Amino acid sequence: MDMDPTIWSRLPDHLLERVLSFLPLKTFLSLRSTCKHFNSILYSPFFVSKHSLSSPFSSFILLSHPHFLQNCPLFNTVINSWCNISLSFPPILSSPPSTNLLSSSNGLLCFSIPTSSSFIICNLLGRSLRRVKFPKCPFDFELLTLVSTSNNYKLFMMTSSSNNALVYDSTVHTWQCFEGFEPILNQKGVVYDGWLFFTTAEPFRVVGFHLESGKWERSKIGLPSGLTFVRLVSDGTRKLYLIGGVGVSGISRSMRLWELKEDGEDWVEVEIVPEMVYRKFVSVCYHNYEHVYCFWHQGLICVCCYTWPQILYYKVSRRTWHWLPKCPSLPDKWSCGFRWFSFKPDLYATV
């Protein structure tokens, strides 16, 4: 017996989403073109959580740019395509330019709202958020890094004025202050084996900050010679990579990728970026290496530039280099300010 259509029409959205999420994936994909609401359900909490292990829609590269005021476009690296819908923000985050997306980790996003002197930790899939007040006002900070686990998260940052390290722990909802580090650090922290690792400005060094003890430690491992810039990337647990330019007098002639050996005693060269790919990349950043940053996303090492609307990424499993295509929503005359993030929705990520 068919259900009365008026009953379906009166169902709350969250119940309708839950019912439809139990459809087989292939069946639902054939239905989603029938209306915009069905298409949007593809990214609903129930649907994503149910299909998160097998669905190609479970992780994305997220683009934050001044052109997108209340949402962020999503790129699906599995099907190598931009998604038809963007990631929308809740009302508290929909008042740019005062809102800035700064970091992401395991389904959580961290925004700053200077006008209210606070950070917002948000699980957009779970539709939950928490406001974390600045430790003091006014508050100048840099190198903010969000580190989340299955049941808590930490915020790390350096204070611009006093060069102290501050850590917020969601378990006890308190800030801790630790000594900073000299010389100047030139990238956000990279999570590896319970530590946050950074690279310094020249002379290049790798230094680590232990998230539990607040202890700083200089790496005793020498870096490759001839580096013109260097960045770290980690898969979070097993692998730590180093990508950098090699050249003379501060001008890169090539770009290479190294991996830290399992015994942690040396860097082993893995790849040399193909010459044509490298030439395009340096033409993008104009040898302004301070604009270059990197991150890990689901088996990809992503190399980005704040001034360019494309990502150069290395697929570790295939050992191949690719360019992520420009977002079709960007205007022909785009400006700088491209911030890219790895985003893997997690319904149960705790804020």
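Here, each number is a calculation from the coordinates, and none is a lab measurement. Computed from a predicted model, the values in this text were never measured in an experiment. Positions of Cβ are backbone-derived with ideal geometry, glycine not excepted, and every protein chain shown enters the neighbour counts.
Which one, (1) 22.4, 70; (2) 21.5, 78; (3) 23.8, 77, gives Rg and Dmax of the Cα atoms in Å as derived from the coordinates shown? It is the value labelled (2). The angle between the Cα long axis of helix 275-285 and the longest principal axis of the Cα atoms of the chain comes to about 90 degrees, rounded to the nearest 10. Between the alpha-carbon centres of the stretch 133-201 and the stretch 207-235 there is a gap of 15 Å. Exceedance of the 19 Å cut-off in Cα-Cα distance is limited, within the set LYS220/LYS261; LYS133/LYS215; LYS154/LYS220; LYS188/LYS333, to LYS133/LYS215; LYS154/LYS220; LYS188/LYS333.
What's the extension gain from LYS280 to ARG130 if we count 0.36 nm per residue and subtract their Cα-Cα distance? Show your work: numbers first, answer last.
Numbers: separation 150, 0.36 × 150 = 54.00 nm, distance 4.13 nm.
Contour length minus the Cα-Cα distance gives 49.9 nm.
In terms of other Cβ atoms within 10 Å, CYS83, CYS302, CYS137 run from fewest to most in the order CYS137, CYS83, CYS302.
The label point for HIS210 and the one for ILE251, both projected 7 Å from the Cα toward the Cβ, are 4.5 nm apart.
Over the stretch 59-343, what relative contact order in percent results from Cα pairs under 8 Å that are six or more residues apart?
Numbers: 576 pairs, mean separation 35.5, N = 285.
Rounded, it is 12 percent for the stretch 59-343.
Ordering ASP263, ASP235 from the fewest to the most neighbouring beta carbons within 10 Å gives ASP263, ASP235.
Simple spin-label estimate for SER219 and GLU269 gives 1.7 nm between the two label positions (7 Å along the Cα-to-Cβ direction from each Cα). Residues THR320, THR99, ranked from the fewest to the most other C-beta atoms within 10 Å, line up as THR320, THR99.
Mind listing which GluC sites (Glu not before Pro) in the stretch 245-323 are in a DSSP loop and have 13 or fewer other Cβ atoms within 10 Å? Mind dumping the intermediate values first?
Working: sites: GLU259, GLU262, GLU265, GLU269, GLU271, GLU275, GLU290; in loops: GLU262, GLU265.
Counting only loop positions with at most 13 other Cβ atoms within 10 Å, the GluC sites (Glu not before Pro) in the stretch 245-323 are GLU262, GLU265.
With the simple spin-label model, which puts each label point 7 Å out from Cα in the Cβ direction, the SER88 to TRP334 separation comes to 2.4 nm.
Quote the FRET efficiency, to the nearest 0.05, computed for ASN288 versus CYS35 with a Förster distance R0 of 41 Å and r equal to the Cβ-Cβ distance.
Values: r = 47 Å, r/R0 = 1.13.
Between ASN288 and CYS35 the formula returns 0.30.
Is the shape of the stretch 248-351 rounded, prolate or oblate, going by the alpha carbon gyration tensor and its root eigenvalues a ≥ b ≥ c, with a/c under 1.5 for rounded and a/b larger than b/c for prolate? Show your work: numbers first, answer last.
Working: a/c = 1.84, a/b = 1.06, b/c = 1.74.
Since a/c reaches 1.5 but b/c is at least a/b, the shape of the stretch 248-351 is classed as oblate.
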